[in-house]
Each structure stands twice: as C-alpha cells, then as structure tokens.
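Some notes on the structure that comes next.
The values are calculated or read from the model by the stated rules, or taken from the named source; none is laboratory data. All values reported here derive from a predicted model rather than from experimental measurement. Cβ placement follows ideal geometry from the backbone for every residue including glycine, while neighbour counts extend to all protein chains displayed. Areas reflect the complete protein model, heavy atoms only, side chains present, ligands, DNA and RNA absent. Shrake-Rupley method; radii C 1.70, N 1.55, O 1.52, S 1.80 Å.
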Amino acid sequence: MESDPKIARLLLDQAPDAVIFASTDGIIQEWNAAAEALFGHSAADAIGQSLDLIVPERFREAHWKGFDKALGEGDTKYRGQALPTRSVRKDGSDFFVELTFAIIHDTDGKVIGALAHARDITERWTRDREQRQRLRELEERLEKQT
C-alpha cells in the first residue's frame, strides 16, 4: 500500500508538538500550527528564515556547531533523547523547551536537513528548579544541625 501525501501533510499540520524542519543551511522549510502557537511566528513568517529565529543569541554559536556536526555525521548524539533547553518567542521572551531531533536523509541516503519536535516545559522546569532549591536549603539546614 502506497502512502498518501495528503495524510503526511495532515499529520504534520495536526501534530500536537511543534514540528520544525530546516534544510542543511539552517533555513526553516516546515513549520506546523503547533510551532506557530509555541513560538508566536506564523508559518508564513518562519519559513525561509534561519533557525536563529528561535535560538537565543547567547546559544547560537553552540547551536550551529552542534547542527553542523550532526549534519556532517548524518546523525545526532541526541537520538532517542529529549533535550531541555531555552528558546525564544516572537515577542523576545525566553522560555524552556524540550526538543527531540532527527537528521533527515532522502531516499538515496543523502542528508537533506534536520527535524525537531518541541514542547514548552517552562512550568515543569520552574517547578523542578524550585524543588531543587528547597532540597538544597533543607540539606544545608540539616548539615548545620549536625
């Protein structure tokens, strides 16, 4: 049974997580509705732009180094892992996202770009950070009591 390209489009458009595909030059080629909601940029505004659109300036050097390395190797060291990191919205605000990555190959095996799925984890990140801080404070109090 041959797959229907219309179904593939529906899957992308209706995916619950932000889906971003960038070609090997780091230019956004696909940007779904969840990406619009998460980052605040419409698909029309995002497609054709550099991934710098969503990478905070202070992380860009490391981002491009990792991006180029993964494309060169044809795989990412984060395969099968969710990576928490910071991103930036259209309004300039930073927030925490969880990203999963894949390097995409064409039918001949040639690398054609990178795919990322993203979701907002700001609330969880903040809650976890507060819990870690409380734990440190408790540990410090216990040390002082002993």
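In the stretch 35-66, the qualifying residues are those that are in contact with an Asp or Glu (Cβ under 7 Å, 6 or more places away or on another chain) and without any contact (Cβ under 8 Å) to a residue 40 or more places away in the chain, and the one that is least open to solvent (accessible area, probe 1.4 Å) is P56.
For the stretch 67-100, the tally of residues that are open to solvent by less than 80 Å² (accessible area, probe 1.4 Å) and touching a His at 6+ places or on another chain (Cβ under 8 Å) stands at 3. The number of residues in the stretch 1-34 being within 20 Å of P84 (Cβ to Cβ) and without any contact (Cβ under 8 Å) to a residue 12 or more places away in the chain comes to 0.
Against the definition (free of Cβ contacts under 8 Å to residues at least 60 places away in the same chain, among the β-branched types (V, I, T) and surrounded by fewer than 16 Cβ atoms within 10 Å (Cβ to Cβ)), how does T146 come out, yes or no? When the stated conditions are applied, T146 passes them. Applying the selection to the stretch 104-133, what residues are over 19 Å from F39 (Cα atoms) and out of contact with any strand residue (DSSP E or B) (no Cβ under 8 Å at 6 or more places or on another chain)? Residues satisfying the conditions are T107, D108, G109, K110, R127, D128, R129, E130, Q131, R132, Q133. Kindly evaluate R119 against the criterion of being touching a residue at least 60 places away in the same chain (Cβ under 8 Å) and open to solvent by 50 Å² or more (accessible area, probe 1.4 Å). It is true that R119 is touching a residue at least 60 places away in the same chain (Cβ under 8 Å) and open to solvent by 50 Å² or more (accessible area, probe 1.4 Å).
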